[in-house]
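Scroll down for the structure; my scribbles are underneath it.
The values are calculated or read from the model by the stated rules, or taken from the named source; none is laboratory data. Everything numeric in this text was worked out from a predicted model, so none of it was measured. Glycine gets a Cβ as well: all are built from the backbone with ideal geometry, and neighbour counts include every protein chain shown. Heads up: the accessible areas ignore ligands, DNA and RNA and are worked out on the full protein's heavy atoms, side chains in. Shrake-Rupley method; radii C 1.70, N 1.55, O 1.52, S 1.80 Å.
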Amino acid sequence: MVDPYRYGVQREWCWRGWQSRYSFWRPTCGGGTPLILLHGFGASLQHWRYNLRVLGEYQPTYALDLMGLGAAEKPIAAYGAEFWAEQVYAFWQQIVGQPGVIVGNSIGALIALTCAYCYPQMAAGVVMLSLPDPAVREELIPRAIAPLVSGIEQIFTAPWLLRPLFYTIRRPCIVKRWAQLAYANPACVDDELLDILLTPAYDRDSDRAFVQMTRAMSRTDFGPSAKTMLKTVSQPLLLIWGKQDRFIPPMLSQQFQQVQPRMQVVELDHTGHCPHDEHPDRVNGLILDWLRSHELARG
């Protein structure tokens, strides 16, 4: 029998007139610092399938579908780290109501850090799993050829090209191959995960949201520099990275630690881009131990 609460208790939530979805799980007794879980690009709150309820036995834990992804509405919007941070902040104001630890994977990690940077009153701490940095692109591209690169990107991110591409890559066989690149162990890409990744791609307007987000991610203003934010935020920070991450170079973790030496950095062997899903027991334990070390744990 399928557990009806595998993804926690799910509820609808509205922001700016757009529908979204969140899920939560709370300890049977006591409170504690809330956790807010933010998924990555192409995923949903269900990607926390092995984390939400485990963490929720210790701390009040929430997971949110980011606008344009998961079961959230797919509007034409100014997608970017600050846009999604505004959504998370509104969710925190309306649903959570006390400072919490924001936990994110991939783009979700950048959004979690952006929340602490832009809305420090909501963040008691930040846990980041595989943190991208929009500024890296500018660092790697010589200024002399930047206009040429920008022009090429505009061509390859044109809606007339991206929309047919979307219909091609949302096929199960393509999604499975793409997902397997995100994991050190391809066997982790099971039927449940494929369903989590594929279902939102067939929602109404999912194609136009894909176009909007892909174009946004190619812009220099997609989000603040991760290094700038790390230098500024004063909350406790935990960075977890898989040593076999093929999407974002693990070497960035050392660069980020040089920028913010008080941040705890943990690199996991035999782990790819989604540590929380590939090795949930290790990640859940790391998060709970880190919470205790900063007196953020329940009790």
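Within segment 178-207, can you find the residues that are in a loop (DSSP other than H, G, I, E, B) and surrounded by fewer than 16 Cβ atoms within 10 Å (Cβ to Cβ)? I'd like the intermediate steps shown before the answer.
Looking only at segment 178-207, we keep the residues that are in a loop (DSSP other than H, G, I, E, B), and these are 182-185, 189-190, 203-205.
Matches in segment 178-207: Asn185, Asp190, Arg204, Asp205.
One line per residue, one yes/no per condition, for (1) assigned to a loop (DSSP other than H, G, I, E, B); (2) of a type outside the set (Asp, Glu); (3) in contact with a Leu (Cβ under 6 Å, 6 or more places away or on another chain):
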site	(1), (2), (3)
Pro4	yes, yes, no
Arg11	no, yes, no
Ser20	no, yes, no
Ser23	no, yes, yes
Thr28	yes, yes, no
Gly31	yes, yes, no
Leu37	no, yes, no
Gly40	yes, yes, no
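Looking at (1) within 28 Å of Asp289 (Cβ to Cβ); (2) open to solvent by less than 20 Å² (accessible area, probe 1.4 Å); (3) of a type in the set (Ser, Thr, Tyr), which is the one condition that is false for Tyr79?
Every listed condition holds for Tyr79 apart from (1).
Could you run through segment 48-68 and say how many residues are of a type in the set (A, V, I, L, M) and in a loop (DSSP other than H, G, I, E, B)?
Of the residues in segment 48-68, 2 are of a type in the set (A, V, I, L, M) and in a loop (DSSP other than H, G, I, E, B).
Counting only residues that are modelled with pLDDT of 90 or more, in contact with a Pro (Cβ under 8 Å, 6 or more places away or on another chain) and over 16 Å from Ala109 (Cβ atoms), how many does segment 210-232 have?
Final tally of qualifying residues: 0.
Residues Tyr89, Tyr50: which one is open to solvent by 10 Å² or more (accessible area, probe 1.4 Å), farther than 22 Å from Arg208 by Cβ and touching a Cys at 6+ places or on another chain (Cβ under 8 Å)?
None of the other options fit; the residue is Tyr89.
Test Val283 against the criterion of being within 24 Å of Glu192 (Cα to Cα) and either modelled with pLDDT under 95 or not polar (S, T, N, Q) (or both), and give yes or no.
yes
Regarding segment 251-272, can at least one residue be identified that is under 30 Å from Thr28 (Cβ atoms) and modelled with pLDDT of 95 or more?
Yes, segment 251-272 has at least one match.
Mind telling me which of the residues Ile196, Ile287 ends up being under 20 Å from Phe41 (Cα atoms) and in contact (Cβ under 8 Å) with a residue 24 or more places away in the chain?
Unique residue meeting the criteria: Ile196.
Would you point out which residue out of Thr157, Thr168 is at pLDDT below 85 and in contact with a Lys or Arg (Cβ under 7 Å, 6 or more places away or on another chain)? Give the steps one after another, and end with the answer.
Numbers: Thr168 fails: in contact with a Lys or Arg (Cβ under 7 Å, 6 or more places away or on another chain).
When all the criteria are applied, what remains is Thr157.
Criterion first (more than 21 Å from Ala116 (Cβ to Cβ), open to solvent by 10 Å² or more (accessible area, probe 1.4 Å), touching a residue at least 12 places away in the same chain (Cβ under 8 Å) and of a type outside the set (Asp, Glu)) does Pro60 satisfy it? If you could, list the steps in order and put the result at the bottom.
Values: more than 21 Å from Ala116 (Cβ to Cβ): no; open to solvent by 10 Å² or more (accessible area, probe 1.4 Å): yes; touching a residue at least 12 places away in the same chain (Cβ under 8 Å): yes; of a type outside the set (Asp, Glu): yes.
Considered against the rule, which asks whether it is more than 21 Å from Ala116 (Cβ to Cβ), open to solvent by 10 Å² or more (accessible area, probe 1.4 Å), touching a residue at least 12 places away in the same chain (Cβ under 8 Å) and of a type outside the set (Asp, Glu), Pro60 comes out as no.
Can you tell me which condition Tyr89 does not meet? The list is (1) of a type in the set (Ser, Thr, Tyr); (2) in contact (Cβ under 8 Å) with a residue 40 or more places away in the chain; (3) within 22 Å of Phe222 (Cα to Cα), and all the others hold.
Unmet for Tyr89, out of (1) of a type in the set (Ser, Thr, Tyr); (2) in contact (Cβ under 8 Å) with a residue 40 or more places away in the chain; (3) within 22 Å of Phe222 (Cα to Cα): (2).
Out of segment 208-224, which residues are under 27 Å from Met122 (Cα atoms) and either open to solvent by less than 30 Å² (accessible area, probe 1.4 Å) or touching a strand residue (DSSP E or B) at 6+ places or on another chain (Cβ under 9 Å) (or both)?
Met213, Ala216, Phe222, Gly223, Pro224, listed by residue number.
The rows are residues; the columns are (1) farther than 21 Å from Val103 by Cβ; (2) surrounded by fewer than 17 Cβ atoms within 10 Å (Cβ to Cβ).
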| residue | (1), (2) |
| --- | --- |
| Ile248 | no, no |
| Gln255 | yes, yes |
| Gln258 | yes, yes |
| Met263 | no, no |
| Glu267 | no, yes |
| Gly272 | no, no |
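For segment 29-47, which positions are open to solvent by less than 10 Å² (accessible area, probe 1.4 Å) and either at positive phi or of a type in the set (Gly, Ala, Ser) (or both)?
Scanning segment 29-47 gives Gly40, Ala43, Ser44.
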